[in-house]
Amino acid sequence: MTMFRTKAVVTIEDTGPVLSAMLDHFEEHATVIRTEDGARLSSPFGTVDIERAEGRVLVDVASGSAEVLAMIKVFIAEHVFEFAGESASIVWSGDGARDALPPHFQKLVVSRAFDVTPRMRRVLVSCENISALASDAGYHVRLLLPPPGRAPVWPFIADDGRMRWPAGEDALVSRVYTIRSIDPDRNEIAIDFVLHEDAGPASAWAAAARPGDVAGMLGPGGGTVAKAGRYVLAGDETALPAVSRLL
């Protein structure tokens, strides 16, 4: 199995208290095994080795997926600045260190859209890397909808590892939706939207979607169905795409 790895040198003040507080928080997200000088974080997504040195913290991240590695990198970076403040600094090296766009980002172009029922609209979009969505990696994606009439400005990963989002007039609408189906031969995915009278921004976008419209996407994520001998699936209209996909 190919492993992807990135390393960071983190400079922070009062490394002991800050690192201790971060590790306490990380226990909510991963198995944390503490050592005399740091810790190892383990999860199904990868490992993070943390070692405290004089005036700095060394971080070594490993994962079997470049996309997951980037997400772990963003997770670590954002928590460093959350707990240590803006006086901290991070220097990354290794896989993905100079990637501007997140590797789990894709640009989408609407192929067609139609109403499945009077209140459910299906939008089919082409994407650049259908193989990233064709496995059981996850059912959910985060759609990024640009402001109407403006050229889209996509999020990017800054040198310090944090995700930077467009703001002001370029701010994106971000909503999580279920991948309804995938057509690898056409490089298309289908996403179903419940239509509302008081439409929110995503529902309104779907209702007006026309071939050639552009959106962005982060993902997939959200996990998959666990193995069991019997299932009970229940939900409202907005859950129908997920229920259908699970079935």
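For (1) closer than 22 Å to Ala158 by Cα; (2) surrounded by 15 or more Cβ atoms within 10 Å (Cβ to Cβ); (3) not hydroxyl-bearing (Ser, Thr, Tyr), each residue gets a yes or a no:
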| residue | (1), (2), (3) |
| --- | --- |
| Arg5 | yes, yes, yes |
| Thr15 | no, yes, no |
| Asp24 | no, no, yes |
| Gly55 | no, no, yes |
| Ile76 | yes, yes, yes |
| Gly96 | yes, yes, yes |
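Where strands (runs of 3 or more DSSP E) sit wholly within the stretch 141-244, those with at least 3 residues that are in contact with a helix residue (DSSP H, G or I) (Cβ under 6 Å, 6 or more places away or on another chain), open to solvent by less than 70 Å² (accessible area, probe 1.4 Å) and touching a residue at least 60 places away in the same chain (Cβ under 8 Å) occupy 188-194. Screening the stretch 32-41 for residues that are out of contact with any helix residue (DSSP H, G or I) (no Cβ under 7 Å at 6 or more places or on another chain) and modelled with pLDDT of 95 or more and picking the one that is nearest to Ala84 (Cα to Cα) gives Arg40.
The strands (runs of 3 or more DSSP E) falling completely within the stretch 77-130 that include 3 or more residues that are in contact (Cβ under 8 Å) with a residue 12 or more places away in the chain, over 18 Å from the mean Cα position of the chain (by Cα) and under 20 Å from Ile189 (Cα atoms) map to 105-117, 120-127. The set of residues in the stretch 51-73 that are in a strand (DSSP E or B), out of contact with any Leu (no Cβ under 7 Å at 6 or more places or on another chain) and at pLDDT 90 or above comprises Arg56, Leu58, Val59, Asp60, Ala62. The residues in the stretch 221-241 that are modelled with pLDDT of 85 or more and under 30 Å from Ala66 (Cβ atoms) can be counted, and the count is 2.
The values are calculated or read from the model by the stated rules, or taken from the named source; none is laboratory data. The structure displayed is predicted, hence computed values, not measured ones. For neighbour counting, all protein chains shown are included, and Cβ atoms are generated from backbone atoms with ideal geometry for every residue, glycine included. Areas reflect the complete protein model, heavy atoms only, side chains present, ligands, DNA and RNA absent. Shrake-Rupley method; radii C 1.70, N 1.55, O 1.52, S 1.80 Å.
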